Amino acid sequence: MPDYTREAQHGGRVAGVDEVGRGPLAGPVVAAAVIFDGGVPDRLATLLDDSKKLSAVARQRAYVALRGARGVHVAVAAASVAEIARLNILHAAFLAMRRAVARLPVRPDLVLVDGNAAPDFGCRTECVVGGDGESLSIAAASIVAKVVRDRLMERLAVRWPAYGWERNAGYGTPEHRAALCDVGTTPHHRAAFGTVRQLSLGLPVDGSEAAWGVS
């Protein structure tokens with residue numbers, strides 16, 4: 001379970017940062033940054049964990065609690081499909097992270113980033129592999145980013161209903177790939193990713209995204 005050890009040891013203002021949406025075939029990549037001023041209340045801490053380990057209901061409960069808690073600063077940002085195409089997914093994720101930190105109402109002294117690489121935030125930065133399971137600040141950011149991105153994909157699904165985005169959030173599920181073959185792409189699809197790329201190149205679709213490095 002994540003805790004507040006890294007943040008407390010630093011003693012200054014610490015932001016946890018995480019992103020969601022590197023792997024999907026459609027939609028933006030979304031990042032969140034969270035700062036707890038004065039620590040994490042025990043009641044709130046019990047709601048926080050790696051967003052992938054939480055049910056949708058648990059993520060929503062934690063998200064609402066984070067948004068309503070005193071002394072919790074939350075910022076969210078995204079990089080668009082066009083930016084993903086122009087920059088590549090890694091650098092688009094970094095762009096979303098920088099935007100999220102820049103939108104915080106207070107400037108952090110330290111940024112903790114989930115993973116093994118991070119962009120330049122203009123302040124001290126530490127990468128934490130598996131950070132959403134280690135740091136409460138990163139776990140909170142992972143929850144916020146996941147909830148916001150899922151909501152965005154649900155809204156897009158109303159206009160583009162064939163792909164099941166309200167269920168798969170743009171990931172390459174069999175349902176999504178079948179719809180791509182039957183209906184084609186949308187402006188929200190990532191041209192260089194998996195089945196989308198195969199179709200654009202006129203290649204046969206074998207149902208596997210692994211060959212294209214997408215998970």
Condition met for Asp42 (acidic (Asp, Glu), closer than 19 Å to Val128 by Cα and over 17 Å from the mean Cα position of the chain (by Cα)): no
Count - residues of region 110-166 that are touching a Cys at 6+ places or on another chain (Cβ under 8 Å) and without any contact (Cβ under 8 Å) to a residue 12 or more places away in the chain: 0
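Return the only residue of Val76, Val57, Val64 being outside any helix (DSSP H, G or I) and either open to solvent by 20 Å² or more (accessible area, probe 1.4 Å) or aliphatic (A, V, I, L, M) (or both).
Val76
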Cross-chain or 6+ apart pairs with Cβ under 9 Å, region 54-65 first and closer than 10 Å to Ile143 by Cα, then open to solvent by 70 Å² or more (accessible area, probe 1.4 Å): Leu54/Arg61
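Within region 190-211, is even one residue more than 30 Å from Ala75 (Cα to Cα), of a type in the set (Phe, Trp, Tyr) and modelled with pLDDT under 95?
No; the residues of region 190-211 include none that is more than 30 Å from Ala75 (Cα to Cα), of a type in the set (Phe, Trp, Tyr) and modelled with pLDDT under 95.
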Qualifying helices (runs of 4 or more DSSP H) (wholly inside region 114-208; at least 2 residues being of a type in the set (S, T, N, Q)): 136-159, 194-200
Among (1) farther than 23 Å from Asp50 by Cα; (2) in contact (Cβ under 8 Å) with a residue 40 or more places away in the chain; (3) open to solvent by 40 Å² or more (accessible area, probe 1.4 Å) - the single one Arg99 does not satisfy: (1)
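Please enumerate the residues belonging to region 1-39 that are aliphatic (A, V, I, L, M), part of a strand (DSSP E or B) and closer than 16 Å to Ile138 by Cβ. Outline the logic, then answer.
Going residue by residue through region 1-39, those that are aliphatic (A, V, I, L, M) are 1, 8, 14-15, 17, 20, 25-26, 29-35.
Keeping just the survivors that are part of a strand (DSSP E or B) gives 14-15, 17, 20, 26, 29-35.
Val14, Ala15, Val17, Val20, Val30, Ala31, Ala32, Ala33, Val34, Ile35, listed by residue number.
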In region 9-39, residue farthest from Asn116 (Cα to Cα) [restricted to those that are open to solvent by 10 Å² or more (accessible area, probe 1.4 Å), modelled with pLDDT of 95 or more and not charged (D, E, K, R)]: Pro28
Candidate set from region 40-54 (those that are in a helix (DSSP H, G or I) and open to solvent by less than 20 Å² (accessible area, probe 1.4 Å)); member that is nearest to Asp109 (Cα to Cα): Leu44
Search result, residues across region 112-138 that are open to solvent by less than 20 Å² (accessible area, probe 1.4 Å), more than 13 Å from Ala75 (Cα to Cα) and among the β-branched types (Val, Ile, Thr): Val113, Val128
Of all residues making up region 167-197, the number that are in contact (Cβ under 8 Å) with a residue 40 or more places away in the chain and among the hydroxyl-bearing types (Ser, Thr, Tyr): 3
Flag for Arg86 being surrounded by fewer than 21 Cβ atoms within 10 Å (Cβ to Cβ) and either at pLDDT 95 or above or not assigned by the TED database to the domain that holds Ala145 (or both): yes
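The values are calculated or read from the model by the stated rules, or taken from the named source; none is laboratory data. Just so you know, these numbers come straight off a predicted model, no measurement behind them. FYI the Cβ positions are ideal-geometry reconstructions off the backbone, even for glycines, and counts take in every protein chain you see. Areas reflect the complete protein model, heavy atoms only, side chains present, ligands, DNA and RNA absent. Shrake-Rupley method; radii C 1.70, N 1.55, O 1.52, S 1.80 Å.
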